[in-house]
Structures are given as C-alpha cells and as structure tokens.
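Here is the structure we will look at.
The values are calculated or read from the model by the stated rules, or taken from the named source; none is laboratory data. Model, not experiment: these values are computed from the prediction. Here Cβ is always computed from backbone atoms with ideal geometry, including for glycine, and neighbour counts include all displayed protein chains. All accessible areas refer to the heavy atoms of the entire protein, side chains included, with ligands and DNA or RNA removed. Shrake-Rupley method; radii C 1.70, N 1.55, O 1.52, S 1.80 Å.
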Amino acid sequence: MHTTPSRTVPWRRSAAVIGVLALALGACGGDDDASSDDTDTTEADDADTTDTEPTETDDTDTTDTDTTEVDSAGTDTTEADSGDSGDDASSGSYEPGSIGYRVVNSTDQTVDVYVRTTGLVEAFEAQMGVEPGVVTDFFYPPEGGPVVVTTAGAGDATCVATCDHILSNVSAFDDTGDVHTLLLHDAEGRVQTFDLYEDAPADQTTSNVMIAADPSAGQLVAIAIDLTDADFGLNLGYDGVAGCLDSVNLDASMLVGGTQTPAYAYDGDSVDVLLYANDDRECAEEPVGGPFTVEGGPGTRTMLILTGSPGDMDAIIVPFLNSVEADASADADSGDSAASGDAATAYALMAEELTLQIGLPAAEAECLAPYVVDALGVDVALVDGELIDLDAADTATQDIAFGGIIEGVEACEIDPAILG
C-alpha cells in the first residue's frame, strides 16, 4: 500500500525535472518493464455508483464524474505495456492526460486494466492480472479518455458494442477533481464501480467526494459498500478509546454502511480501528471487525475499505494520493520541529511532483523524494514553503538533484525504465 503525506498543488510539468530523470535513466540503465504490482445504512441517492453489468456501449462515460482541467504542459508520452495478452491493445505510446485513476479490486475475480482514447478508439494496457484485494498504481489516460476494466485475459479492450467482458468504463466529468480511486465491488452478482473523488472542489456534496485534509489530525474514511450482512450499519471506535466515535464530515448519528463515506479523525501517527454492531451504542461489547491499523498522522487521509461481513471482516487500506503537511507551528516549542516540518513538507512536495508529473508510482516517489531533497538541502529544495523550480535553477543545482536521483533510484530499487 502507498503512503503519500503530501498536499494538493497545481504543479506544472517541470522540464528540468524530466531532463534530470532522463539523465538518471541513461546512467542507471534498466529494462522496459514498467508494470507494477483492503447506520442507518441509508443508500445515498447522491452517490455515484456505476452499475457495470455488461451492456452495449458507445464509449460514452459510464459514471457521473467531472473533469477539472490542470496544466499539462509538455509532451511526454507513456509507453504502452506490450506484454503478450492476446488482445488488440496498442503497443505504441500515448500522451497522458491530466486525470489520474487507480483501481481497487474488491471483487472475487482477477481483472485487466486499460486506458483508452476517445473518438477513434485505441486501448493501451495499464496493468494486467490485477488480483482480488490489489490496489493498482495511478494511470493517466489520454485526455478525456476512460479507464476500462475487463475480465482477465479477455482482450478486446476497444469493444464498443456487446461487450460482456468489459466490467467498468469510467471517465471524469467536470468538478470532480483530477484524482480518482475506482472501487470495483460485487453487488448482487454484478460488478459495480464506486468512483471516489480524492480532490473534488469543496462545493461538491455527493458521497463520492472525500473529506479535505486537516493539517492538525489524521483522517480515515470508512467505506463499507462491499460489506455484507450489515444492512443497518456499524458503529466505529478506536482501540484504547472509550465509546463510539462521531463522524467529522456527516451527521453524528451516521453509521458506517452503504454508500455513505463517513470520516473520522485521530491523533498521533496511527490508530487501530474497531467496528461494532449497530445496537452497541457505547462500543463496549465484542467488536465485529478489526483491529485495522491506519497509519499516516496529521495532514494525511486514508480509505478504510471494509470487506467480508461482521464477525468475518477484512479491510483494504488505501492512503490518499494527496494530503497536507502537519502545521509545524503546532510544535513550535519542541526546538527542531520547524526544521523537521520543512523537511517533511519538502519530501511530500517532491514525491507529489514525481508522482503527478512524471508518473512514478506513489510508493517509489515517496522513497525517492528524500534523496533528491537531502542532496539539494532542505533550505534549497523548499523556498517560502514551495518546492524549488528546477526550470529556473542553475546547472550546478540541477547536477546536485541528478546525484540525488541516481542514489535514490538504486537505494529504492526503482526500475529506471519507469522514469522514462
């Protein structure tokens, strides 16, 4: 699972960063494999849950989602995975769009994930053989194009009519942000997609919209749409904390269940989450689920996707791509807290830059970022709370960043081909 304690910033693509990464690629070598690898239960009428029972399609969008335009300057292309899948996916390249998607497979079947163009339909392999319980990396389809999920090995990802093998076909509409997590789940024998908007505008109110990050506390969002035998919802509590907890984004009486997405705050760097029966209003009886450990701390957000049923429950834990950093001033009396806060902020912003603009998987970007920042020095990498603009940096500074990348690629065991 990826952990990326970063904040949303409208970054533009840094040509210098791309150039430095290209140099690192040449220096490190590598192959071409870029693939990567848990109430009142009132069904929320405003939640967009896509029924993805195979139907005829004309390649129109299948979810009520929106698009937020971001600056995607640059013409980098992503090479399609040319693995032998036996289908008609292109082995060429495409220019990634501005909207990022990842898939959480909460079904009981293995699936293949593609990105696809609009108009003259062309499909590109994104991640093949995604097994149950797996969370994919983020993918950036061609601008306006969808993410398409098929049954594993089915091929024909360009199908637009009588497509029984296509389980999901999702693209974004206006005002839902540029970071989407697509939760595939089973519903009465059919696969449905719950599109979770990680960074939608604040004026959006559907259950698909995730809570904004809080610099003073960690937050988790409990998602129980795939949970069975819990029709009346569940109470939520923390191990070692007396009583049930109230949601910080919904009505205090709202329980965990259905398409609701209640969020809960916690102190410290981690918390152990417990689920309790609907009628256990004091959360004093035996838990029916957990403990599930959520990590991240102040400024971070995490999805706790519950699976199974009460008494036999599991969870898929998915950290958000973007969060904000804890307010360093809150610990101003601790002496070195400001410095450590600046370093953490620089690490997070560099990781976000590597993920959002270069396409590096979040976990690898988080590992690589400190090497780049430490090579530059925090006081150079972070200027007035903003990440250094390598486009405007001198050659010596870019060379230093290059050295950090070389060291980090090796230490983090990153396939250099991904940087291309």
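Accessible area per residue for the stretch 340-418 is 39 Å², calculated with a 1.4 Å probe on protein heavy atoms, without ligands, DNA or RNA. Other residues lying with their Cβ under 15 Å from the Cβ of Val248 contribute a combined charge of -3, Lys and Arg counting +1, Asp and Glu -1.
Arrange the peptides 252-262, 402-412, 296-306 so that the one whose residues have, on average, the most other Cβ atoms within 10 Å appears first. List each step's numbers first, then the result.
On the way: 252-262: 21.6, 402-412: 18.6, 296-306: 24.6.
The packing order, highest mean first, is 296-306, 252-262, 402-412.
Give me the Kirkwood hydrodynamic radius of the stretch 93-199, using the inverse of the mean 1/r over all pairs of distinct Cα atoms, in Å to one decimal. Could you put the intermediate results ahead of the total?
Values: mean 1/r = 0.0729 Å⁻¹.
That comes to 13.7 Å for the stretch 93-199.
For the stretch 340-418, with equal point scatterers placed on the C-alpha atoms only and solvent neglected, what are the log10 I(q)/I(0) values from the Debye formula at q = 0.17, 0.24, 0.27 1/Å, to two decimals? With one equal scatterer per Cα and no solvent, log10 I(q)/I(0) is -0.59, -1.18, -1.42. Applied to the stretch 120-128, the Karplus parametrisation 6.51 cos²θ - 1.76 cosθ + 1.60 on θ = phi - 60° returns per-residue 3J(HN,Hα) values of 6, 6, 9, 10, 10, 5, 10, 8, 9 Hz, with x for Gly and Pro.
Full extension of the segment from Ser93 to Asp174, taken as 0.36 nm per residue of separation minus the current Cα-Cα distance, would add 26.5 nm. Distance from the C-alpha centroid of the stretch 131-182 to that of the stretch 277-306: 30 Å, rounded to the whole angstrom.
Modelled spin labels at Glu285 and Leu250, positioned 7 Å past Cα toward Cβ, are 2.1 nm from each other. Global size of the stretch 211-324: 12.8, 36 Å for Rg and Dmax (C-alpha atoms, Rg to one decimal, Dmax whole).
The mean accessible area for residues of the stretch 211-324, using a 1.4 Å probe and ignoring ligands and nucleic acids, is 39 Å² per residue.
Expected output is a single nm value to one decimal: the length gained when fully extending between Glu407 and Gln204, i.e. 0.36 nm times separation in residues minus the C-alpha distance. What is it? Mind showing how you got there, number by number?
Values: separation 203, 0.36 × 203 = 73.08 nm, distance 4.25 nm.
So the extension gain works out to 68.8 nm.
What is the dipole size for the stretch 211-324, taken about its Cα centre, with +1 at each Lys and Arg Cβ and -1 at each Asp and Glu Cβ, in debye to the nearest 20? Walk me through the intermediate numbers first.
Working: 2 positive and 18 negative charges, 92 e Å.
Here the size comes out at about 440 debye.
Stretched out straight at 0.36 nm per residue, the stretch from Ser216 to Asp267 would grow longer than its current Cα-Cα span by 17.5 nm. Rolling a 1.4 angstrom probe over the protein heavy atoms with all chains in place gives the stretch 113-189 an accessible area of 32 Å² per residue.
Working from label points 7 Å from Cα in the Cα-to-Cβ sense, the Asp394 to Asp379 distance is 1.6 nm. Mean projection of the Cα convex hull over all viewing directions, computed for the stretch 161-252: 8.9 nm².
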